[in-house]
1. How far, in nm, would the chain grow between Trp21 and His120 when pulled straight, counting 0.36 nm per residue and subtracting the alpha carbon separation?
2. Given contacts defined as C-alpha pairs under 8 Å and at least six residues apart, what's the relative contact order of the chain, whole-number percent?
3. Quote to one decimal, in nm, the extra length available between Lys73 and Ala51 on full extension: 0.36 nm per residue of separation minus the C-alpha distance between them.
4. Averaged per residue, what accessible surface does the chain expose to a 1.4 Å probe, in Å²?
5. Going highest first, how would you order 95-104, 113-122, 39-48, 135-144 by mean Cβ packing within 10 Å?
6. Treating only the Cα positions of the range 22-164 as identical point scatterers, give the base-10 log of I(q)/I(0) from the Debye formula at each q in 0.10 Å⁻¹.
7. Excluding Val114 itself, calculate the net charge of residues whose Cβ lies under 12 Å from the Cβ of Val114, where each Lys or Arg counts +1 and each Asp or Glu counts -1.
Amino acid sequence: MSEDPPGPTPGFLVWRLANKWRVAVDRALAPLDLTHAKYALVGSLYGMQHAGERPSQRQLADHTGMEALYVSKLARALEADGVIERTRDPRDPRAMRLALTESGLAVTREAVLVVRELVHQLLEPLGGLGASRTRAFTDELLALLDVPLAPLLPNDPTTQGTSP
């Protein structure tokens, strides 16, 4: 078994960067009463709605990579805030279809502008949004995200005591 190289692991650095960006987005969107998680949901819904879709909670969960239960919780909170509306799918009574309300559209448009500016600031160390280093970084992230997670098998001694 080889020794780990000195210094932080890539997994730790990805975790730290994700948390740093989440905190930055949370702070930037606080005046709009949005969190990073809520923004991921309404921003994705905005794009899907713009493309003519009215996704189900499951479709939005798949699109964002969030757990379906978490999307359901966020959707209920956003509905209570008047940002989205949830309606039963007439073809599948178990499914809820989501859409931004008029006020939700306005908030989301403003949030997109805020986050766009923040992303420009956060990517400045790589040369900005259009820089070759940013494109290479994005390609590397996409390569990692394209790898499916292997399912954990219960009582599998090869996965016990390990973490992803």
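The values are calculated or read from the model by the stated rules, or taken from the named source; none is laboratory data. Being a predicted model, the structure only gives us computed values, none of them experimental. With ideal geometry, Cβ positions are generated from the backbone for all residues, glycine too; neighbour counts draw on all protein chains shown. The protein model used for the area step is the full one, side chains on, heavy atoms only, and it has no ligands, DNA or RNA in it. Shrake-Rupley method; radii C 1.70, N 1.55, O 1.52, S 1.80 Å.
1. 34.4 nm
2. The value is 17 percent.
3. In short, 5.5 nm is gained.
4. Details: 11590 Å² over 164 residues.
Roughly 71 Å² per residue, with all protein chains present.
5. Answer by packing, highest mean first, reads 39-48, 95-104, 113-122, 135-144.
6. Relative scattering, expressed as log10 I(q)/I(0), comes to -0.45.
7. Net charge in that neighbourhood comes out at 0.
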